[in-house]
Amino acid sequence: MAEGAVRAVVVGATGYTGAELCRLLTAHPGVALVGLVGHRTAGKPVGEVLPTLAGRLTGEVQAFDAARIARDADAVFCALPHGASAPAVDALRAEGAVVFDLSADHRLRDVDTYRAWYGEHPHPERVGEAAYGLVELHRAAIREADLIAVPGCYPTASILPLAPLLRASALDLSAPVVIDAKSGASGAGREAKPRTHFSETAEGFRAYAIAGRHRHTPEIEQELSRASGQDIRVLFSPHLVPMVRGILATSYLRPAGDLDAGGCVSLARELYEGSPSIHVMEPDGYPDTAWVRGSNRALVSYTVDARSGWIVAQCAIDNLVKGASGQAVQAMNVRFGLDEGAGLTHLATWP
């Protein structure tokens, strides 16, 4: 272990986001991955559970023990499902651990909102405690936080292109904010589900949880409202596309004045100046999920429909990297004073 390295443990290491965290952390120059924690896989060799780590990490997957994890780690990544994450996070925080929670359990700031979308919160006293881990918008809060709620994949792709326009009061909010998003099947997680079987996704393309039914809706609205300073409601329509990784979010917005695509680009580049992860394309660019696959990059673009006058804002990310694990690593870099892009400089795997 390199002297001064941040010691990291991944809880829930054998799911897709946990495995992606292991991939990123093993290559991070300032991190030592000192433990992988699982439930059903505890006691099994790491290389058996995660074949990509065979020959790179030895030892066994460990059972959850909050005191031991807090003793061994500087940073704990909790990659458990919502509901299951909150008790683990509470136990880890009680032991003084710095926790990066990749579930939805600590993203929402209002317990009633959480209850309406997810049910009863296992530890409602911790709701509102976490810093929201979208680094480009909340660096200062993340630097001081011991609990960071890593944003969801759909919210990340939706918020990034809209936040610069909302912060500049550049949108007519009497018009609806419409977000149309497409995601690969890995967003549903590693556990087998009928709707994500290969035979049910490979030749199909469908919407799901539309008309205000998707649980990421309140998270998107919360953060867009924070960016604008007023209450925002969105029409959010997610779709499942037959690919493994990637999200493309396309939003339709009415400008408050005479704002062209070049003006949108200027606002976004000003806000995201210095970000190692966000690339704002030239006006009328068309981001492709293939250009970000496997990377922590986000491609943001703007076009204005001359006939309607509406703005079309787009963002492409890898849902498992900038939409989850890479975002968590980026937040860790900020929290521990490392270079923000450390361990995240690799480009997409293309073609």
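The values are calculated or read from the model by the stated rules, or taken from the named source; none is laboratory data. None of the values given here were measured: they were computed from a predicted structure. Glycine gets a Cβ as well: all are built from the backbone with ideal geometry, and neighbour counts include every protein chain shown. Surface accessibility is based on the protein's heavy atoms, side chains included, excluding ligands, DNA and RNA. Shrake-Rupley method; radii C 1.70, N 1.55, O 1.52, S 1.80 Å.
I want to verify a result. In a Gaussian network model of the chain, Cα cutoff 10 Å, which of these has the top mean-square fluctuation: G12, G285, G326?
G285
Build a GNM of the chain with springs between Cα atoms under 10 Å: which of P124, P287, P161 gets the top mean-square fluctuation?
Among P124, P287, P161, the largest mean-square fluctuation in the Gaussian network model of the chain belongs to P124.
Hey, rough spin-label estimate for D146 and E120, points 7 angstrom out along Cα→Cβ, what's it come to in nanometres?
2.8
If contacts are Cα pairs under 8 angstrom and at least 6 residues apart, what is the relative contact order of the chain in percent?
Relative contact order for the chain comes out at 17 percent.
If you line up the long axis of helix 16-26 against the longest principal axis of the chain, both from Cα atoms, how many degrees apart are they, to the nearest 10?
70
Provide the percentage of antiparallel DSSP beta bridges, counting only those with both residues in the range 199-339; round to the nearest 5. Provide the component values of the computation, followed by the final result.
Numbers: 15 of 18 bridges.
So the antiparallel bridges in the range 199-339 amount to around 85 percent.
Within the chain, which is the longest segment containing none of the GluC sites (Glu not before Pro) that sit in a DSSP loop and have at most 12 other Cβ atoms within 10 Å?
Values: sites that count: E3, E120, E191, E203, E273.
With GluC sites (Glu not before Pro) excluded where exposed in loops, the chain gives 4-119 as its longest stretch.
Which of the trypsin sites (Lys or Arg not before Pro) found in the range 285-351 are in a DSSP loop and have at most 13 neighbouring Cβ atoms, other than their own, within 10 Å?
On the way: sites: R293, R297, R307, K322, R335; in loops: R293, R297, R307.
Here the sparse-neighbourhood loop sites are R307.
Give the accessible surface of the chain per residue, rounded to a whole number of Å², with probe radius 1.4 Å and ligands, DNA and RNA excluded.
On the way: 14870 Å² over 351 residues.
Solvent-accessible surface per residue comes out at 42 Å².
Please list, in order, the residues from the range 134-169 whose amide nitrogen is less than 17 Å from a point placed 7 Å along the Cα→Cβ vector of A256.
Correct set: 162-169.
What spacing in nm lies between the two simple spin-label points modelled at K44 and M243, each 7 Å away from Cα in the Cβ direction?
Taking the simple label geometry, K44 and M243 are separated by 3.0 nm.
Calculate the FRET efficiency for L235 and A54 from the Cβ-Cβ distance with a Förster distance of 51 Å, rounded to the nearest 0.05.
Efficiency at R0 = 51 Å is approximately 0.65.
How much accessible surface area, in Å² rounded to 10, belongs to the heavy atoms of D65 with a 1.4 Å probe?
70
Cα centroid distance between the range 204-222 and the range 306-330, in Å?
15
Any idea how far apart A84 and E282 come out in nm if each label point goes 7 Å out from Cα toward Cβ?
It is 4.7 nm.
Given the chain, what percent of its DSSP beta bridges are antiparallel, to the nearest 5?
Within the chain, antiparallel bridges account for around 45 percent of the total.
Which order do the peptides 80-90, 165-175 take when ranked by the mean count of other beta-carbon atoms within 10 Å per residue, highest first?
Values: 80-90: 20.0, 165-175: 17.0.
Highest-to-lowest ranking by the protection proxy: 80-90, 165-175.
As a test question: what accessible area, to the nearest 10 Å², does V334 have when a 1.4 Å probe is rolled over all protein chains in place?
The value for V334 is about 20 Å².
To the nearest 20 debye, what is the magnitude of the charge dipole of the chain about its Cα centre, counting +1 on the Cβ of each Lys and Arg and -1 on the Cβ of each Asp and Glu?
660
Based on alpha-carbon centroids, what's the gap between the range 2-38 and the range 91-142 in Å, whole number please?
Here the two parts' Cα centres lie 21 Å apart.
Which value, in nm² and rounded to one decimal, describes the direction-averaged projected area of the C-alpha convex hull of the range 1-115?
Numbers: hull surface 29.3 nm².
Averaged projected hull area, Cα only: 7.3 nm².
P(r) tail for the range 222-351, what percent of Cα pairs lie past 24 Å? Before the final figure, lay out the partial values.
Details: 2909 of 8385 pairs.
Pairs farther apart than 24 Å: 35 percent.
So what does D339 come to for accessible area, using a 1.4 Å probe and Å² rounded to 10?
The accessible area of D339 comes to roughly 110 Å².
Would you mind checking the tilt of helix 217-228 against the longest principal axis of the Cα atoms of the chain, expressed as 0 to 90 degrees and rounded to 10?
Once rounded, one gets 60 degrees.
Using alpha carbons only, how many degrees (0 to 90, rounded to 10) separate the axis of helix 261-271 from the longest principal axis of the chain?
Orientation of helix 261-271: about 30 degrees from the principal axis.
Using only the alpha carbons of the range 104-203, what is the convex hull's orientation-averaged projected area in square nanometres?
Reported value for the Cα convex hull: 9.3 nm².
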